[in-house]
């Protein structure tokens, strides 16, 4: 999947302590930006769990995520974006149903499968030609995304097959390697994963993963 990506030697983790804050300082934002540009991995708090973020278009960053999670190459990564206007970076079109749900539930814990632009890396573009996008509800998370250029991968910080965690120390211990930057907001409250929705061949909206946005809520918006 990543023929030109090399594994970099481990380096000390830059820790950004920001418990109780919704924003990054200029120096902190610069550290996140530098890591993303260099193909590094950022461990950061989302509105659900701690996630592993890399530039979604960086071959080395995407390869590092797969190594850290020991993730199967045929399982694409979701992408978190700082605002809805950034959908166009990744999606070839926005279905009408998604426009309705984006207005109601973004920012928030709702992940939507969009038809992907054809030149996206296979690490974020599924075999059926979709890309999973979400604008998270956490203001701090969105600040991290903006610092990184607007988007990062948003997979949970754990080995594949293990449970995600809201504990940053536990997340670091559970990975198959180290990250470049840890945005440490302290332990996160327990919360369900984001709801994942897709659209089937008939054009109907289908639930693919139950989560924080209940089925009754999103179906009501589509009536």
Only one of 103, 89, 71 is touching a residue at least 40 places away in the same chain (Cβ under 8 Å) and over 24 Å from residue 165 (Cβ atoms); which? 89
Select from the stretch 183-207 the residues that are surrounded by 15 or more Cβ atoms within 10 Å (Cβ to Cβ), out of contact with any helix residue (DSSP H, G or I) (no Cβ under 9 Å at 6 or more places or on another chain) and outside any loop (DSSP other than H, G, I, E, B) and list them in ascending order. 196, 198
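Any residue that is touching a helix residue (DSSP H, G or I) at 6+ places or on another chain (Cβ under 6 Å) and within 28 Å of residue 57 (Cα to Cα) - is there at least one of those in the stretch 161-174?
Kept after step one, since they are touching a helix residue (DSSP H, G or I) at 6+ places or on another chain (Cβ under 6 Å), are these residues of the stretch 161-174: 165.
Those left that are additionally within 28 Å of residue 57 (Cα to Cα): 165.
Yes, the conditions are met somewhere in the stretch 161-174.
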If I filter the stretch 149-160 for residues that are closer than 21 Å to residue 93 by Cβ, surrounded by 21 or more Cβ atoms within 10 Å (Cβ to Cβ) and in contact with a helix residue (DSSP H, G or I) (Cβ under 8 Å, 6 or more places away or on another chain), do I get at least one hit? yes
Taking the conditions exactly as written (in contact (Cβ under 8 Å) with a residue 40 or more places away in the chain, part of a loop (DSSP other than H, G, I, E, B) and under 22 Å from residue 207 (Cβ atoms)), does residue 122 satisfy them or not? no
Has the stretch 24-46 got at least one residue that is touching a residue at least 40 places away in the same chain (Cβ under 8 Å), under 17 Å from residue 171 (Cβ atoms) and surrounded by fewer than 20 Cβ atoms within 10 Å (Cβ to Cβ)? no
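For the stretch 66-94, how many residues meet the condition of being surrounded by 15 or more Cβ atoms within 10 Å (Cβ to Cβ) and under 22 Å from residue 193 (Cβ atoms)?
16
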Considering only residues that are surrounded by 19 or more Cβ atoms within 10 Å (Cβ to Cβ) and in contact with a helix residue (DSSP H, G or I) (Cβ under 9 Å, 6 or more places away or on another chain), which ones fall in the stretch 95-112? 98, 101, 102, 105, 106, 107, 110, 112
Look at the stretch 138-182 and say how many of its residues are in a loop (DSSP other than H, G, I, E, B), in contact (Cβ under 8 Å) with a residue 40 or more places away in the chain and closer than 24 Å to residue 110 by Cβ. 11
Residue check for residue 59: more than 25 Å from residue 163 (Cα to Cα), surrounded by fewer than 23 Cβ atoms within 10 Å (Cβ to Cβ), at pLDDT 95 or above and under 17 Å from the mean Cα position of the chain (by Cα): yes
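The values are calculated or read from the model by the stated rules, or taken from the named source; none is laboratory data. Please read all numbers here as calculations on a predicted model, not as lab measurements. Note that each Cβ is placed from the backbone with ideal geometry, even for glycine, and that neighbours are counted across all protein chains shown.
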